[in-house]
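Have a look at the structure below, then the notes.
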Amino acid sequence: MSPPEQLILREIQAGDRVTGLSLGDKETTPLKTFLRKCAKDFHQANVARTYVLVPDDEDTTIWGYITLMCSEIKLGNTHTLDDCKAANRYNDFPAVKIARLAVDHRIRGRGYGDALVQFAISIARQDIMPRIGCRFLVAESKAGALSFYKRIGFTILNTENNKERRLPVVFIDLHKLRSN
Ligand SMILES: CC(C)(COP(=O)(O)OP(=O)(O)OC[C@H]1O[C@@H](n2cnc3c(N)ncnc32)[C@H](O)[C@@H]1OP(=O)(O)O)[C@@H](O)C(=O)NCCC(=O)NCCS
């Protein structure tokens, strides 16, 4: 199957083909399994929402996806809010979490990964932050994806414990991003 010229980004739907995603190495198997077995049910049940890259409404083969959910980040004293000092006594801050992110290896390097993360940022800023306190976007990054996240502006949570984790937490302060 050759990669399509164009892809659209939309919510996952019941009829979408969840078995065609090819991610390469073995470490990414859980990302394929999640898409195959859980993504649709989690989406329907409001546990986690998944957005997919598909060619069109006829060919619904999924070439990439992002799954988002409510979360929090334990900043401790690793990061202070200079614009709201009174909040610094709290350990936990509200966040949107990128629970899963994957792009088919045949279409990597074309900007789709970046587009999926930018989509998550816009949902948080336009739909969530104006109505519900939510300051950060967080993810648990595979070692191979750390530079990808850093290029976008994410920071690694600065604790020894976190840096030693197999999937370290990375975060971005949504409130500090300039408006597009
Ligand atoms: C990480 C991933 C989503 C990136 O998808 P992608 O579509 O290739 O990313 P993009 O094309 O948008 O890349 C954006 C930029 O990051 C860079 N980049 C992408 N993947 C990178 C990586 N693994 N390491 C370093 N830089 C990377 C690109 O070169 C590009 O830079 P540029 O703007 O200067 O050209 C994809 O590689 C993937 O699915 N990996 C396996 C699963 C995974 O790691 N998921 C995420 C974390 S759990």
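Every number in this text was worked out from the coordinates using simple rules, so none of it is lab data. Only a predicted model underlies this, so the values are computations on that prediction, with no experimental measurement involved. Every residue, glycine among them, receives a Cβ derived from its backbone with ideal geometry; neighbour counts consider all protein chains shown.
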**Request:** Quick one: among Asp114, Asp57, Asp82, which has the greatest mean-square fluctuation in a GNM of the chain with alpha-carbon springs under 10 angstrom?
**Result:** Asp82
**For the chain, built as a Gaussian network whose Cα springs stay under 10 Å, the top-fluctuating residue of Ile132, Ile66, Ile123** = Ile132
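Which links in Lys85/Lys163; Lys37/Lys74; Lys74/Lys176 stretch past 20 Å when you go from one Cα to the other? Intermediate values should be presented prior to the final figure.
Values: Lys85/Lys163 26 Å; Lys37/Lys74 30 Å; Lys74/Lys176 18 Å.
From Lys85/Lys163; Lys37/Lys74; Lys74/Lys176, over 20 Å: Lys85/Lys163; Lys37/Lys74.
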**Local electrostatic count, Ile156, Cβ distance below 9 Å [Lys/Arg +1, Asp/Glu -1]** = +2
**Asked** For the chain, what's the relative contact order in percent, using C-alpha pairs closer than 8 Å and at least 6 residues apart?
**Response** 18 percent
**Item:** log₁₀ of I(q)/I(0) at q = 0.10, 0.20, 0.23 Å⁻¹ - region 49-180, Debye sum with one point per alpha carbon
**Value:** -0.34, -1.24, -1.53
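Counting alpha carbon pairs within less than 8 Å and at least 6 residues apart, what relative contact order, in whole percent, applies to region 109-180? Provide the component values of the computation, followed by the final result.
Details: 62 pairs, mean separation 24.0, N = 72.
The value is 33 percent.
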**Prompt:** Add -39500 (n - 2.57) for each DSSP H run of 4 or more in the chain, then divide by its residues: what number comes out at 222 nm, to the nearest 500 deg cm²/dmol?
**Reply:** -5500 deg cm²/dmol
